[in-house]
Amino acid sequence: MFAPTSKKILLAVLVASYVIQSGLVYSDDVDIRLSEDAVQGRKLFHDGSCQVCHQLWGQGGFLGPDLTNAASRVDETRLASLLTVGSGQMPSYRYDAREIAFLRAFLEEIDRPDVGRGQLRLGDPASGTSPQAAFEAAVVAGNLPADARAGFETFRSGICSACHFPFQRSIVGAPDLSTAVDRVDDAGLRTVLSEGRPLLGMPPPAPVLSDGQKDEMIAYLHWLRENRSGLVGEVERRQRERGVDWSRLPWWEFR
């Protein structure tokens, strides 16, 4: 237990740290000048209470994924589907094409690495040192058959990677897909890729996958299972060798 004097010193240090951090955050001269369309998109974002479930620069809710860099991973078709059909616990909105374009403009204009990233990453994501990037780099470097490679591209270009993490059950309960073929046969996988698992929180894929894309995704899952042990070792190697320059981390980006 801390003595009374020690408690006062500790409290003073914590208060001073808070004041210093607040000063650094609010004196940050980095700013974003949004276009008129993006301003309208920002208004829609707040009017729709998107911040209740989603974060921007680490601020907001935790039910949905961080949207700071969403424009880099969600294409126009997927965005339109999410905003009009919904997904899982995300409700559908009655946005028209013009409003969807406003929101797209907003997400594109905030997706700037010079302003900040939505999640603090140790290491350089471009070099494959973040956990997800290390996994994707290991897969890309692998000797995938053409159909499995196409399935991997479908997987990572959609929103699947927002819920499914490499070689572990994610915090939202999404299972490890590297062992999916051990639990579900190909017919069952096709059903999941067509209908989702709504009772378990997985919505049907949107946009809808073609029969060919489903076959390619299943081929990828089989390849992932067959090469799981090697991929685990390669991801661990990339993680061990990552270099962290603490002086270059964007400590004050979450403002």
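Structure data summary
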read-out	value
Restricting segment 31-54 to residues that are under 23 Å from Pro203 (Cα atoms) and in contact (Cβ under 8 Å) with a residue 24 or more places away in the chain, the residue that is surrounded by the most Cβ atoms within 10 Å (Cβ to Cβ)	Phe45
Filter result for the condition that a residue is part of a helix (DSSP H, G or I), of a type in the set (Val, Ile, Thr) and in contact (Cβ under 8 Å) with a residue 40 or more places away in the chain, over Thr191, Thr179	Thr179
Subset of segment 26-51 [more than 24 Å from the chain's Cα centre (by Cα) and either at positive phi or modelled with pLDDT under 85 (or both)]	Tyr26, Ser27, Asp28, Asp29, Arg33
Residue match in segment 121-135 (condition: modelled with pLDDT of 80 or more and either outside any loop (DSSP other than H, G, I, E, B) or closer than 30 Å to Leu231 by Cα (or both))	yes
Residues of segment 52-82 classified as over 20 Å from Phe155 (Cα atoms), of a type in the set (A, V, I, L, M, F, W, C) and at pLDDT 80 or above, total	3
Hits in segment 8-25 - residues which are modelled with pLDDT of 80 or more and surrounded by 11 or more Cβ atoms within 10 Å (Cβ to Cβ)	Lys8, Ile9, Leu10, Leu11
Residue check for Arg94: assigned to a loop (DSSP other than H, G, I, E, B), charged (D, E, K, R) and outside the structural domain of Cys160 (by TED's automatic domain parsing)	yes
Residues that are of a type outside the set (Asp, Glu), in a helix (DSSP H, G or I), more than 18 Å from Pro166 (Cβ to Cβ) and at pLDDT 90 or above, drawn from segment 195-233	Gly212, Gln213, Lys214, Ile218, Ala219
Hits in segment 55-112 - residues which are free of Cβ contacts under 8 Å to residues at least 24 places away in the same chain, surrounded by 14 or more Cβ atoms within 10 Å (Cβ to Cβ) and under 19 Å from Pro203 (Cα atoms)	Ala80, Leu83, Thr84
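The values are calculated or read from the model by the stated rules, or taken from the named source; none is laboratory data. In this text the structure is predicted, and so the values were computed from the model without any measurement. Note: ideal-geometry Cβ built from the backbone for every residue, glycine included; neighbour counts use all protein chains shown.
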